[in-house]
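The values are calculated or read from the model by the stated rules, or taken from the named source; none is laboratory data. Quantities reported herein were computed from a predicted structural model and do not represent experimental measurements. Cβ placement follows ideal geometry from the backbone for every residue including glycine, while neighbour counts extend to all protein chains displayed. Accessible surface areas use protein heavy atoms only, side chains included; no ligands, DNA or RNA. Shrake-Rupley method; radii C 1.70, N 1.55, O 1.52, S 1.80 Å.
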Amino acid sequence: MSQRVLTGITTTGTPHLGNYVGAIRPAIAASREPGVESFFFLADYHALIKCDDPDRIERSRLEIAATWLAAGLDTSRVTFYRQSDIPEITELNWLLTCVTAKGQMNRAHAYKATVDAAVAAGEEPDANVTMGLYCYPILMAADILLFNAHRVPVGRDQVQHIEMARDVAQRFNHLFGRGKDLFVLPQAEIEESVATLPGLDGRKMSKSYDNTVPLFEGGAKALKDAIARIVTDSKLPGEPKDPEGAHLVTIHDAFADAATRAAFHADLRSGLGWGDAKQRVVQLIEAHVGPMRDRYADLVAHPERIEDILQEGARKARTTATPLLAELRQAVGLRRMVAASQPRTAKEAGAEKSAVPVFKQYREADNLFYFKLTAADGSLLLQSQGFAEGREAGGWVKRFKTEGAAALADAPVTLGEGTDRVAVDAALTALVAAQA
Ligand code: TYM
């Protein structure tokens, strides 16, 4: 299968430089690699969690869609859609909700930050927590897993969400995969140099902190005004400045090649004034985004063109989403009544049995007793150490058959060569289910 790349942006505000360097630019670059299939979308269901102003959501959807297109997205190569046009996402969200531990959601940064803020303000811990916010990571897992994305280009703030999506996928695979991986385990893809672009005040550039530099909105003037407001230290022109840790420099470097970066750093060390430095940053970013801004303005002036593109994107996305969801419904037991009420033939029962992995116990020339677990195709999943007594080996096999993967924690076994832990966990889960 080709590599799948997927990412989304929440439609609650105007796209800013952080969204561009953290997600849009690397995602578009990835979509141009050979052998890559890309899925980029407007996370407008996520927007409802953070925003109850319908006009703002509507405007933000338009601006974010126009931004992707103006930044060079090629819709003949990429599937570009709105989350709310894909009903399979909300259906999968429910399937995943049913296998996600509440304790895992308790650990989500966004939820914890909201609780901390309420406690600091002397309110009830959950005063500002909706179930949407609490379950935010599950909806995000549904976005990613429905398209079996391998790579998810994001800024560092999203890493925890993608790790949670991996965990949920793994759990679902164990419970329902019967030895097959229903979901690919996604990887966050982060450009280290711009993983967290700082905003005007040095905190992460974010709509929630109101410290953003807009990418296109407001034109060249808004860009210039925002950069003029970036906080620097109070060193005067002529005084040497330390480029390390200055957020103006981090923003500059996100748009500069190596030579331009080195020259900028050297000039600051030799006393370049912050005012002149800001002008250089404006020129650099303007050279990069200026040409895209005209395309952006044209697109925003023609929402009907964007609507057509998104409708077509949704149609394309659903050709991938619908069959996977049908398979998932089948896997969890939401099957057509007629199929469920047919008694299984002896042949079918035999085939199912032979698809289950098997334990074998044996004695080697060294007089020790061993056991191993092999998959239905004969490949080695687990190999035990040698035991002096046959019943020791038997005891372990019994534990595996009842406890499944939990027994791996202290079992004296190694994984078969080339086998990964996920496959072993899935096999043991299938074995326990077959015993039951
Ligand atoms: P959102 O809308 O907050 O941000 C969109 C993308 O921009 C990145 N980003 C940044 N990167 C570097 N520096 C910054 N200051 C900065 N600010 C934002 C974010 O990391 C993100 O990649 N939950 C997501 C949207 C989403 C999603 C998904 C993403 C929903 N489903 C599935 C990936 C896959 C969010 O709110 O991003």
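Things worth noting here:
- Packing, as the average of other Cβ atoms within 10 Å across residues, places the peptides 111-120, 130-139, 186-195 in the order 130-139, 186-195, 111-120, highest first.
- Accessible heavy-atom area order of Cys98, Cys51, highest first, probe of 1.4 Å: Cys98, Cys51
- Sorting the segments 21-31, 222-232 by their mean number of nearby beta carbons within 10 angstrom, highest to lowest, gives 21-31, 222-232.
- Accessible surface of region 180-275 [probe 1.4 Å, protein heavy atoms]: carbon and sulfur percent: 52
- Percent carbon-and-sulfur accessible area, region 2-41, ignoring ligands, DNA and RNA, probe 1.4 Å: 51
- In the chain, taking the dipole from charged Cβ atoms about the Cα centre, the farthest positive-side position among Gly218, Ala426, Val129 is held by Ala426.
- Solvent-accessible surface of protein heavy atoms, probed at 1.4 angstrom with all chains present, puts Trp68, Trp274, Trp396 in the order Trp396, Trp274, Trp68, largest first.
- Between Thr260 and Lys360, the simple spin-label model (points 7 angstrom out along Cα→Cβ) gives 6.3 nm.
- Per-residue Karplus couplings for region 50-57, computed as 6.51 cos²θ - 1.76 cosθ + 1.60 with θ equal to phi - 60°, are listed in order as 9, 9, 10, 10, x, 5, 5, 5 Hz, Gly and Pro entered as x.
- Cβ-derived FRET efficiency at R0 56 Å, Glu403 paired with Ser234, nearest 0.05: 0.30
- Within the chain, helix-based [θ] at 222 nm, where runs of 4 or more DSSP H residues each add -39,500 (n - 2.57), nearest 500: -15500 deg cm²/dmol
- Cross-link pairs Lys112/Lys235; Lys50/Lys278; Lys102/Lys180; Lys102/Lys372 - those with Cα-Cα distance over 29 Å: Lys112/Lys235; Lys50/Lys278; Lys102/Lys372
- Portion, in percent, of the accessible area of region 120-167 that falls on carbon or sulfur, probe 1.4 Å: 53
- Residues in the chain average 49 Å² of solvent-accessible surface per residue, probe 1.4 Å, ligands and nucleic acids excluded.
- Estimated dipole of region 103-209 in Debye, rounded to 20 [Cβ of Lys and Arg +1, of Asp and Glu -1, Cα centre]: 360
- Area of Lys372 that stays accessible when all protein chains are in place (1.4 Å probe, Å², to 10): 60
- DSSP beta bridge pairing in the chain, given as percent antiparallel to the nearest 5: 45
- Solvent-accessible ranking of Glu163, Glu37, largest area first, probe 1.4 Å: Glu163, Glu37
- With the simple spin-label model, which puts each label point 7 Å out from Cα in the Cβ direction, the Ala127 to Ala222 separation comes to 3.3 nm.
- Computed FRET value (nearest 0.05) for Gln104 with Thr319, which takes r as the C-beta separation and R₀ as 25 Å: 0.20
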